[in-house]
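A quick write-up on the structure given underneath.
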Number of protein chains: 2
Amino acid sequence: MLNEWIIEKNSFEVADIERHGSKFLLGNGFMGYRGTMEEYSAEQLVAVNLAGFFDLAEGSNWRESVNAPNPLYTVVCIDGKELNLSSLDAVLHNQSLNIRSGIHERKTVFEVNGINITLKAERFLSMTNENIMALKYTVLADKDITVILKSGIDKAVWNISGNHLDYVDEFCDGNILKLECETVQLKNKLEVYESILGLDNIENDNLLHISEIDLIANKEFEFVKFGGIYHSEGLETSKEKFLSVVDAGYDQLKKEHIAEWERIWKNSDVVIEGDKDAQLALRYSIYHLCSIAPHNTDKCGIPARGLSGQVYKGAAFWDTEMFMLPFFQFTDSKAARNLLKYRVNTLEGARRKAKEFGYEGAFFAWESQETGDDACTLFNVTDIFTGRPLRTYFKDKQIHVSADIVFAMWDYCRTTGDYSLLIDGGLTLMYECLWFFYTYSVFKPHKNRYEILDVVGPDEYHERVNNNAFTNVMVKHAADIFVLALEKVEKEFPQYFAKFNKDLDWAYDFSQKLYVPHPNENGIIEQFDGYFALENVTPEILKTRELKENEYWGGHGLASTTMTLKQADVVMMLNVFRNEYSKDIKKSNWDFYEPYTEHGSSLSACAYAIVAAEIGYTDWAYKYFIKTASVDLTGDTKQYLGSLYIGGTHPAANGGAWNTAIFGFAGVSFTDDTLDISPRLPDNWESISFTLMWKGEKLSIKATASGVKINGIENSKVTVYGKEYKK
Amino acid sequence: MLNEWIIEKNSFEVADIERHGSKFLLGNGFMGYRGTMEEYSAEQLVAVNLAGFFDLAEGSNWRESVNAPNPLYTVVCIDGKELNLSSLDAVLHNQSLNIRSGIHERKTVFEVNGINITLKAERFLSMTNENIMALKYTVLADKDITVILKSGIDKAVWNISGNHLDYVDEFCDGNILKLECETVQLKNKLEVYESILGLDNIENDNLLHISEIDLIANKEFEFVKFGGIYHSEGLETSKEKFLSVVDAGYDQLKKEHIAEWERIWKNSDVVIEGDKDAQLALRYSIYHLCSIAPHNTDKCGIPARGLSGQVYKGAAFWDTEMFMLPFFQFTDSKAARNLLKYRVNTLEGARRKAKEFGYEGAFFAWESQETGDDACTLFNVTDIFTGRPLRTYFKDKQIHVSADIVFAMWDYCRTTGDYSLLIDGGLTLMYECLWFFYTYSVFKPHKNRYEILDVVGPDEYHERVNNNAFTNVMVKHAADIFVLALEKVEKEFPQYFAKFNKDLDWAYDFSQKLYVPHPNENGIIEQFDGYFALENVTPEILKTRELKENEYWGGHGLASTTMTLKQADVVMMLNVFRNEYSKDIKKSNWDFYEPYTEHGSSLSACAYAIVAAEIGYTDWAYKYFIKTASVDLTGDTKQYLGSLYIGGTHPAANGGAWNTAIFGFAGVSFTDDTLDISPRLPDNWESISFTLMWKGEKLSIKATASGVKINGIENSKVTVYGKEYKK
């Protein structure tokens, strides 16, 4: 059983330094710790990446999330030589991650002067005390030998865009170190604590404990370390909090940590019988989702590369609402609500953005940080042929984010039954988003309809298009939702309704008269006005036209004048609104668009997988499911765009894997009041079992080829293949 | 006096082959004949360029005007050696063009085997018989010698995009040759006649007369040739017509030709006292305008490079309406009406174009040929860095053409007093153009106004902009004009009004609610939404950023994200609507925009010149006037864009030169009923004299520093500096 929960590798190659940083990532929502060795430093991309803590480095074009100094830094030296896996050949090496308990381990044997020295380390980021990380470290030699141990806080921080921290002060008090930092832009304080237990004769120098240790042959020498990272509201009582954890000890912290992960898995696990590969990949995806969810804060979203580093500026994208939120709303509604409240809390930034571009209402950021202002620049790609910054339209034209948020908020309300979010800022957010769309849209009097011109849809290879099907349909639904939400609030929270009373008219008119592209005579929905007139070529052909590696296909690049898509766009829409399009329409569009789709984004495959499952393309669905679910296991994704590192974890794909398992294979769908389960399992799956929170009830569901078994139904309306489920 | 009318060069250099082709161009509206030597062929860019006769070469991306075979081809050979200026050094060479009479001459002395041989040739394209060209050729040697003369129809035709003619049949009848051709695309017939007079012992071979001539020392040997080019309606009686010209003889044809040019100059000449350079340059500009005007047809416009070749596809641009039409409506209203009727006659093509891009009404072509369909492609530039075709927006976004035509039509009516054009298709054209703009524009309910989004203005370096000031103001005026024209027709031609009755309402609403950008607190009108936020750099700085010669600054190129403009845009608007903006506003905007303007189009300088004259920047005005007026004299313009030849004459600049002299320096302006003359002459100009046709009266005007003298006023209302002119 255990190996269903263990990710490991029993050898070492240089490429692992970068790759394993993401693959063996630890996270607890507050911070992420890359899967690096304790002796690694900035060059090996060690990072303690902080959620929602941003800064602009001097001379940089954009703000990014801050990586904290590393309080678990530890290196063993013999005769002045560091036992460092990145530079010294190891006799044996094993690295593993237990995704059930969120614990990282390594064991490495070095041979120095004919002596075998074994390093073992176990570490975790506490799930019960988010500021704390802990390490247990042992050294073993097969002969008596004296080694020098250096352990402390490593200030050599990995950064993509430049230095973010000024070091204000350092304290050293016996076995405790403290480093006080300030971010360079806003002078926000960051404190890093370290404590080491189990060493004698410590000398402290420059934030390092240095200790001479006389190892006795074949006798393990063990010590433990704690790290504490504090910023923002956590600062005031940081020292007391850190010391109380140290006092309670490593074992106590670990016990609580494991118990918390057990609790998490009880709500989140999906058990697949008959397919060990799928089981591991899916659980690994769920592990990442749980590692990065903001359990205790509504001040930050989930970064597009999780907490694996600063890629994409550590910012939250529409990925959260459209790919991850379903998982949370069905398994951890507190996290789901935190994520939505984060949008409510950053409404002012969205208002500022709308105003910046000449609109009103709330234009949510393409890359959202702590204030809701957009971290994205207008020049987000470098032209590979000229080296010049390229004007991109991610920031100012990819407007669907505001609709995605409205949609996700309503989905949260419907599935959890918690409509109180509406009067906790939700309805105001909806109003602001819809008013933004109303000011962005145009009315064409001679057609008596609203249109949405000059946007970028999910398929970013086609910029500044008119009437993008995905965007128009999302906005139309957002308008409908706003009207429904107004009616809900009028009924249930009448005292909140008065200020929105006047908005029903225009919102209803907008919803009724907004143009949405319909299927043509062949059942195909045109991705945007004029898409069918573009050059009819597929990604395979475009590939042969490339002049340089890492050519950007968007902008004025190769794909822009052709039918080749970066990622699911119309098919994404069919996935999102799965109850509103017939199987025939889904099939026609899947068949039509799939050959043109590059899947150049990790958001693409799961949309195709879910729709494929719905239309009976089970083999395709399975292929895309495995691709999505194992994206971070294989690490088989673009790591560089030009010279820019874009590697890291892929939370949207992690969410997409869960979505495909639950909505695709288990066939879960829902209306306002009914949950339906219509499984269509891959042939090799004997069963799929999972729990869903549905309107406050925890349902345990098991689907096999022969039927569906559901426990926990009290008041819920649940159907199976459309027929009422008999308990 | 004569040298004020002669363009000449007394030497030869290789670069002249290309340059003089345009500089010494002959034209008669039906065809143009490049300023090449009689012995030149396709390689030396000989072209008999035909107005309004278009074809698509096999494998080409666009249609272009057809160059006819050359019936004046003549070469003298001695001992098998051709006396060809392009390959044989000359002892003496002179080439000249008499712009008063439209006659081209050359005299070249070659030395072969110690014998000096002088070739002299005089040729013209008949202004009274548009199908005809004539040549008088003499050969003189200083010793007795026998030469071989080869003269006939040269089929080696210069083409930019490939072969356009299939040769269907050849006839030879003594001294007459005939070549029948068909265009490759539409199989349109083209006939070329040639006749040679004055030779004995002709052998005819392969469309050449070959004759052995025994020259007697120092005795001129002379012969004449006629060429006839027929297509379209001219075909049926071509032979009789050609023979009757031949029968009447060279001298008769020349006499009539010169008399016609005299008549033309009587209406067109502008006399400048005190500035010979300006005089010659301006007359040269007027010569070109008269050479290329469609005197006898309303089936073609004026190509952007006149009749100097196939550059810009031989197509008509907005250049005609906005830069050339004022000259014609004030000096040759028949040509002006022909040009406007050409637009009426191509309305169907404009309708097709509107439909192609999803609109209704008439979207006039960016590059208009005989059908009104747009010869422009969506990929009109090659990316110099990748060699790939670049998606350009000249065709689908430069919508102001339709408004320019409405504006020009109304200007024609107002200045000539000939409103009958309105019921001869004009009002229908106006309706179709306005309906196009109505379907292109969008209504923004929350602002209660129409806007025009996603266009390209005159400044093509900034594509897909919103609310371009020039475009919005042009459309607003077009809407106003349509309403005025409806009222005029209701009053004067009531029987034509009924079908437009219903259009008054929407057109009025559109005109009233269309947003036009107004001056900001500094008096500056923003060129388009967001222009002020672009990078603040001038063309000089951009130049230093170039990585390659002939880099295209538009598209995604260097200028696109900066404030650098290709050409006058806001200043062009101030020029067009000179009565509607104060001197202060003109000055603020001239000062603001001039430093950002590259003047990368020959349309730019004259707009700046006219406004400069209005605001008292006489030195600037003069500088830009000379630049505009001498553009084809100096040939100092871009000749290549990448590898594409874009040289040739610049009729828009020729028109711009006249506009600057008349509207700028002579200070002519007008309202619906009054002509005003408020001169502001350059210091070195003693006087400017010219004639204007104003509402059917021919006014002769002479302005000096001390006053204005006007003859010919009968019923006209004319003011000088705003005060009624006393006869």
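Bear in mind these aren't lab numbers, they're just calculated from the coordinates by the rules spelled out. Quick caveat, the model's predicted, so the values are computed rather than measured. Please note: Cβ atoms are built from the backbone with ideal geometry, for glycine as well, and neighbour counts cover all protein chains shown.
Annotations
- q = 0.14, 0.15, 0.20, 0.23 Å⁻¹, the stretch B:300-416: log10 I(q)/I(0) [Debye, one scatterer per Cα]: -0.59, -0.66, -1.07, -1.30
- Label-point separation, A:Tyr721 to B:Ile115 (7 Å along Cα→Cβ), nm: 10.7 nm
- Shielding by partners for peptide A:452-462, expressed as the average number of C-beta atoms from other protein chains within 10 Å of each residue's C-beta, is 1.
- Distance between the modelled labels on B:Ala705 and B:Ala156, one decimal in nanometres: 5.7 nm (7 Å Cα→Cβ projection).
- Volume of the convex hull of the stretch B:500-632 (Cα atoms only), normalised per residue: 166 Å³.
- Share of pairwise Cα separations in chain B, more than 50 Å, in percent: 15 percent
- To the nearest ten degrees, helix B:503-513 and the longest principal axis of the Cα atoms of chain B are 70 degrees apart.
- Between copies, the label points of B:Lys187, set 7 Å from Cα on the Cα→Cβ line, lie 8.5 nm apart, reported in increasing order to one decimal in nanometres.
- For the peptide A:438-449, the mean number of other protein chain Cβ atoms found within 10 angstrom of a residue's Cβ is 4.
- Using a 7 Å Cα-to-Cβ projection, B:Tyr640 label spacings across copies, nm, ascending: 3.6
- Difference of contour (0.36 nm per residue) and Cα-Cα distance, B:Asp251 to B:Ile646: 138.5 nm
- Relative packing of peptides B:318-329, A:556-567 - highest average C-beta neighbours within 10 Å first: B:318-329, A:556-567
- Taking N as its residue count, the alpha carbon Rg of the stretch B:593-727 over 2.2 N^0.38 Å: 1.19
- The stretch A:352-401-the stretch A:287-340 distance, computed between alpha-carbon centres (Å): 21 Å
- For the stretch A:84-239, the Cβ-based charge dipole about the Cα centre amounts to some 560 debye (Lys, Arg positive; Asp, Glu negative; other atoms uncharged).
- For the stretch B:36-169: Kirkwood Rh in Å [reciprocal of mean 1/r, alpha carbons]: 16.5 Å
- The stretch A:30-109 versus the stretch B:140-199: alpha-carbon centroid distance in Å: 83 Å
- Rounded if a/c under 1.5, otherwise prolate or oblate - the stretch B:77-153, Cα gyration tensor axes: prolate
- Pairwise FRET efficiency - B:Thr538 versus B:Glu43, Cβ, R0 = 35 Å, nearest 0.05: 0.30
- Length gained on full extension, A:Asp144 to A:Ser689, computed as 0.36 nm times the residue gap minus the Cα-Cα distance: 190.9 nm.
- If both residues of a DSSP beta bridge must be in the protein assembly as shown, then about 95% of such bridges are antiparallel.
- Translational diffusion of the stretch B:352-496, µm² s⁻¹ [Kirkwood Rh, Cα pairs; Stokes-Einstein; 20 °C; 1.002 mPa s]: 131 µm²/s
- Contact order, relative form, for the stretch B:464-516: 54 percent (alpha carbon pairs under 8 Å, 6 or more residues apart, mean separation divided by residue count).
- Relative contact order for chain B: 11 percent, from Cα pairs under 8 Å spaced at least 6 residues apart, divided by residue count.
- Pairwise FRET efficiency - A:Lys698 versus A:Tyr508, Cβ, R0 = 56 Å, nearest 0.05: 0.90
- Here the stretch B:153-260 is treated as a sphere whose radius is the Kirkwood value from Cα pairs; by Stokes-Einstein at 25 °C and 0.890 mPa s it diffuses with a coefficient of 155 µm²/s.
- For A:Lys502, the point set 7 Å out from Cα toward Cβ sits 3.7 nm from its twins in the other copies, listed from shortest up.
- log10 of Debye I(q)/I(0), alpha-carbon scatterers only, for the protein assembly as shown at 0.04, 0.06 Å⁻¹: -0.36, -0.71
- A Cα-only calculation for the stretch B:654-727 places Rg and Dmax at 11.6, 34 Å.
- Out-of-range pairs (alpha-carbon distance over 32 Å; input A:Lys623/A:Lys723; A:Lys397/B:Lys583; B:Lys9/B:Lys313): A:Lys397/B:Lys583
- Nitroxide proxy distance, nm - points 7 Å out along Cα→Cβ at B:Phe493 and B:Lys266: 3.1 nm
- Cut-off 18 Å (backbone N to label point 7 Å along Cα→Cβ of A:Glu360), residues of the stretch B:480-519: B:515
- Inter-centroid distance (Cα atoms) of the stretch A:644-703 relative to the stretch B:465-507, Å: 60 Å
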